[in-house]
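Q: One structure, pasted below without further comment.
The values are calculated or read from the model by the stated rules, or taken from the named source; none is laboratory data. All figures in this text were calculated on a predicted structure; none of them were measured in a lab. With ideal geometry, Cβ positions are generated from the backbone for all residues, glycine too; neighbour counts draw on all protein chains shown. Accessible surface is based on the protein model in full, side chains and every heavy atom, while ligands, DNA and RNA are left aside. Shrake-Rupley method; radii C 1.70, N 1.55, O 1.52, S 1.80 Å.
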Amino acid sequence: DGQEQGGGARPHAGPDSTTNATQHFEGHKDDILCMAHHPETGVLVTGSYDGDIILWATDTGHARSRLVLPGILAMKGDQRPIEAIGLIECGKRCLVIEGRQQVTELVVLVVTVGGDGVVRFWSSDSTAELLFEFPLTGQDVGLVDLA
């Protein structure tokens, strides 16, 4: 019947639809609430209700890395959802590999806002690490738009 089981991020094509999925992304255990895509780097980032954040390689459909919220095991259910994701292009950097080869790489940061009211900045490269975070204070956090 065209329905997906589990938390795969796959467009649903109904019986009258002409849309066909070209790639199947499987990895989330809960509903996906937000996503962001950077076409030049081929990175797709998805955030789910259970706090899972996955960076995908769009050419293969495989997860490149998972970002883990600090203290996620101690969070209550309503603090875990990733409510908004954005990508910030920060320019290019030159890498020297083995002392000779220079490679220019586009630097893109991932920005997330969770149900805990904290804005987090992550690297989108192979380190996939948390770089900086700050809490939103003095306001009703609710659903945030990073566009």
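Q: Write out, first by first residue and then by second, each pair whose Cβ atoms fall under 8 Å of each other, whose residues are 6+ apart or on separate chains, and whose first residue, in region 50-71, is acidic (Asp, Glu) while the second is surrounded by fewer than 17 Cβ atoms within 10 Å (Cβ to Cβ).
A: Short answer, once both residue conditions are applied: Asp50/Lys29; Asp50/Asp30; Asp52/Lys29; Asp52/Asp30; Asp52/Arg66; Asp59/Gly42.
Q: What number of residues within region 52-75 are open to solvent by less than 10 Å² (accessible area, probe 1.4 Å), in contact with a Leu (Cβ under 6 Å, 6 or more places away or on another chain) and assigned to a loop (DSSP other than H, G, I, E, B)?
A: Looking only at region 52-75, we keep the residues that are open to solvent by less than 10 Å² (accessible area, probe 1.4 Å), and these are 53-56, 61, 67, 69.
Cutting the leftovers down to in contact with a Leu (Cβ under 6 Å, 6 or more places away or on another chain) gives us 53, 56.
With assigned to a loop (DSSP other than H, G, I, E, B) added as a condition, the list becomes none.
Of the residues in region 52-75, 0 are open to solvent by less than 10 Å² (accessible area, probe 1.4 Å), in contact with a Leu (Cβ under 6 Å, 6 or more places away or on another chain) and assigned to a loop (DSSP other than H, G, I, E, B).
Q: Are any residues in region 76-132 in a loop (DSSP other than H, G, I, E, B), among the small types (Gly, Ala, Ser) and either open to solvent by less than 60 Å² (accessible area, probe 1.4 Å) or closer than 21 Å to Ser65 by Cβ (or both), and if so, which ones? Steps first, please.
A: Of all residues in region 76-132, those in a loop (DSSP other than H, G, I, E, B) come to 76, 80-81, 98-100, 115-117, 124-129.
Now restrict to residues that are among the small types (Gly, Ala, Ser): 99, 115, 117, 124, 126, 128.
Passing the criteria: Gly115, Gly117, Ser124, Ser126, Ala128.
Q: Is region 41-51 home to any residue that is surrounded by fewer than 15 Cβ atoms within 10 Å (Cβ to Cβ) and of a type in the set (D, E, K, R)? Before the answer, list the steps.
A: Of region 41-51, the ones surrounded by fewer than 15 Cβ atoms within 10 Å (Cβ to Cβ) are 42.
Among the residues that remain, those that are also of a type in the set (D, E, K, R) are: none.
Among the residues of region 41-51, not one is surrounded by fewer than 15 Cβ atoms within 10 Å (Cβ to Cβ) and of a type in the set (D, E, K, R), which makes the answer no.
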